[in-house]
Amino acid sequence: MNLKASDCVAFEDSYNGVRSAVQADLKTVITLNDYTQDHDFAGAAIVLTDMGEPDAPFRVLAGDAGGGTFLDLALIERLIAD
């Protein structure tokens, strides 16, 4: 696709996923699941309980959602720009 890593974002839910994404120099959004909730997600741009919905907000576990309550394009663009 000829995209630069700085123009991309990875969505992961595990330690191995975040390690691979960080090594590829990708900003990474983590959402937890029952099996990975205790994994080390150091290096991720943001760690969320889930992607949220307008009427069911996520909880931010690490990082800064800038007041956002669900994952949308505006939040993703902000994470890439940081």
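All of the numbers you see were taken from the coordinates with simple rules; none came from a lab. Keep in mind it's a predicted model, so treat the numbers as computed, not measured. Backbone-built Cβ (ideal geometry, glycine too); neighbour counts: all protein chains shown.
Which net charge results for the neighbourhood of ALA44, defined as the other residues with beta-carbon distances under 11 angstrom from its beta-carbon, given Lys and Arg at +1 and Asp and Glu at -1?
Counting the neighbours of ALA44, the net charge comes to -1.
Counting alpha carbon pairs within less than 8 Å and at least 6 residues apart, what relative contact order, in whole percent, applies to the stretch 1-43?
Rounded, it is 42 percent for the stretch 1-43.
Shape verdict for the stretch 5-81, please, from the Cα gyration tensor: rounded (a/c under 1.5), prolate (a/b greater than b/c) or oblate.
The shape class here is oblate.
With a cut-off of at most 15 other beta carbons within 10 Å, and DSSP calling the residue loop, which trypsin sites (Lys or Arg not before Pro) in the stretch 26-82 qualify? Please list them.
ARG59
So, counting K/R as plus one and D/E as minus one, what does the shell of residues with Cβ under 10 Å around THR31 add up to?
Net of charged neighbours comes to -3.
I need the chymotrypsin sites (Phe, Trp or Tyr not before Pro) found in the chain, filtered to DSSP loop residues with at most 11 other beta carbons within 10 Å of theirs. Walk me through the intermediate numbers first.
Details: sites: PHE11, TYR15, TYR35, PHE41, PHE58, PHE70; in loops: TYR35, PHE41, PHE58, PHE70.
Within the chain, the qualifying chymotrypsin sites (Phe, Trp or Tyr not before Pro) (loop, at most 11 other Cβ atoms within 10 Å) are TYR35.
What's the local net charge at GLY63, with K and R +1, D and E -1, over the other residues with C-beta under 12 Å away?
+1
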